[in-house]
Amino acid sequence: MTHGTRVVMPAPYTITIETYDVPAPAHGQVLVECEASAISAGTELAVYTGVHQWLNDPTRAWPKWPFTPGYSGVGRIIAVGDGVTRFNIGDRVVWPSRHETHAIVDVEQPHALVFPIAEHVPAQVAAFAVLARFPLSALVQSDQIIGRCVAVMGLGTIGQIALRLYAAAGAYPLIGIDGVGSRRALAEKVHGVVTFAPEDPQLKDRLRASNFGQLPDIVVDATGFPNAVKTAMNIVTDGGRVVMVGSPRGIAGDVDFYWDLHGRSITLIGAHGSAIGWEPREKFPYTVPRAMRLLIALLESGRLRLEEIVSHFAHAHEAKAMYDGLLNDKEQYHAVALRWQTQ
């Protein structure tokens, strides 16, 4: 039997590396050896710090302590079970990998979220393919994009990926808003992007100057802070759209819905992962397979470039330092991936 190692959070602000037994794949399953897994700074830090709203919800089975984090990775199939027709030993794939060396994955079930990815995509980039579904949901919820001005508030991992997806989709002009200077510098690596600090007293004037006299058509809130919605509604054009993609946790207590929303006919819309389902629905026609095929094509073609936002590609044994860095040093820690090979 193969033995693997994984990252475990047994309690808030605590990380351990544990070993576990990895069985042989059964019928319809494959065994994947992980190359790299991406840290979801929003969800995983919410669990790491103990503030995730579902930790103490008895109606939810996930997340609970001890918790094995992670849901996006890249690896190689090293064994296949009977009845597997879609994949072969040696195939490189992306899947919802936890932070662990090996995983048994059901690949023949109808909703198997496992997709091949080309060898030339760097592991620290391919690791973000599954995670990128979530910023993609902002585009799915944005209606018209081509030629429309988009401002992204919050330039962490989700905001940086969202900004690059809007660029690939033809949004123009593009604006990034964040209080951390190094994050603004990363956003400006995208051609044509201008950035501002949210506390700039002339922010609205600068936004208009960047968009030919008008406020942005779409403002994407990727901050994760509930009260940021007030700023987002304040800086979008009359009749514009505010898209909430940053999983805000908590109550927005400083919003006047008459003046901030209703009086200006703004559309305020959520962009949760539920916006991209497995089957087409009337309100959500976009599907997971379509999303993943698109994201992988963008990564393979280079139209979605994520190498520049990955500030740390560290061995998994450094996981605690990576979480603490993402939490406490936003100038230096941006997108972070864990590697599982020794070389």
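The values are calculated or read from the model by the stated rules, or taken from the named source; none is laboratory data. Since we're looking at a predicted model, the values are computed, not measured. Reconstructed Cβ throughout: ideal geometry from the backbone, glycine too, with neighbour counts over all protein chains shown. Surface accessibility is based on the protein's heavy atoms, side chains included, excluding ligands, DNA and RNA. Shrake-Rupley method; radii C 1.70, N 1.55, O 1.52, S 1.80 Å.
Just a few scattered comments:
- Among the residues of the range 70-85, those identified as assigned to a loop (DSSP other than H, G, I, E, B) and surrounded by 15 or more Cβ atoms within 10 Å (Cβ to Cβ) are 70, 71, 72, 81, 84.
- Of residues in the range 164-195 being assigned to a helix (DSSP H, G or I) and in contact with a Ser or Thr (Cβ under 7 Å, 6 or more places away or on another chain), the one least open to solvent (accessible area, probe 1.4 Å): 187
- Any hit, the range 91-104, residues being over 17 Å from residue 299 (Cβ atoms) and at pLDDT below 95: no
- Neighbours by Cβ (under 9 Å, 6+ apart or cross-chain): first from the range 260-287, closer than 21 Å to residue 110 by Cβ; second assigned to a helix (DSSP H, G or I) and polar (S, T, N, Q): 273/137; 274/137; 275/137; 276/137; 284/274; 286/137
- Pairing residues of the range 133-154 that are without any contact (Cβ under 8 Å) to a residue 40 or more places away in the chain with residues that are surrounded by fewer than 24 Cβ atoms within 10 Å (Cβ to Cβ) and hydroxyl-bearing (Ser, Thr, Tyr), at Cβ distances under 7 Å and at least 6 apart in sequence or on separate chains, gives 147/172.
- Within the range 145-163, the residues that satisfy the criterion of being in a helix (DSSP H, G or I) and either modelled with pLDDT under 95 or open to solvent by 10 Å² or more (accessible area, probe 1.4 Å) (or both) are 157, 158.
- Hey, residue 105 assigned to a loop (DSSP other than H, G, I, E, B) and either open to solvent by 10 Å² or more (accessible area, probe 1.4 Å) or within 30 Å of residue 175 (Cα to Cα) (or both) or not: no
- Enumeration of residues in the range 26-41 that are part of a strand (DSSP E or B), under 15 Å from the mean Cα position of the chain (by Cα) and of a type in the set (A, V, I, L, M, F, W, C): 38
- Taking the range 241-261 as the range and being at pLDDT below 90 and not in a loop (DSSP other than H, G, I, E, B) as the test, the residues that pass are 257, 258, 259, 260, 261.
- Residue list for the range 196-240, restricted to those being of a type outside the set (A, V, I, L, M, F, W, C), crowded, with 22+ Cβ neighbours inside 10 Å and not in a loop (DSSP other than H, G, I, E, B): 221
Conditions tested, residue by residue: (1) at pLDDT 95 or above; (2) of a type in the set (Asp, Glu); (3) open to solvent by 30 Å² or more (accessible area, probe 1.4 Å).
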| site | (1), (2), (3) |
| --- | --- |
| 1 | no, no, yes |
| 11 | yes, no, yes |
| 34 | yes, no, no |
| 39 | yes, no, no |
| 49 | yes, no, no |
| 57 | no, yes, yes |
| 68 | yes, no, no |
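- Among residues of the range 52-67 that are within 18 Å of residue 8 (Cβ to Cβ), those with a Cβ under 8 angstrom from a residue that is open to solvent by less than 100 Å² (accessible area, probe 1.4 Å) and part of a strand (DSSP E or B), sequence gap 6+ or separate chain, pair up as 65/9; 66/8; 66/9; 67/8; 67/9.
- Among residues of the range 262-278, those that are over 18 Å from the mean Cα position of the chain (by Cα), part of a loop (DSSP other than H, G, I, E, B) and closer than 14 Å to residue 153 by Cβ, counted: 0
- The range 288-338, residues that are exposed (fewer than 14 other Cβ atoms within 10 Å of the Cβ) and in a strand (DSSP E or B): 315
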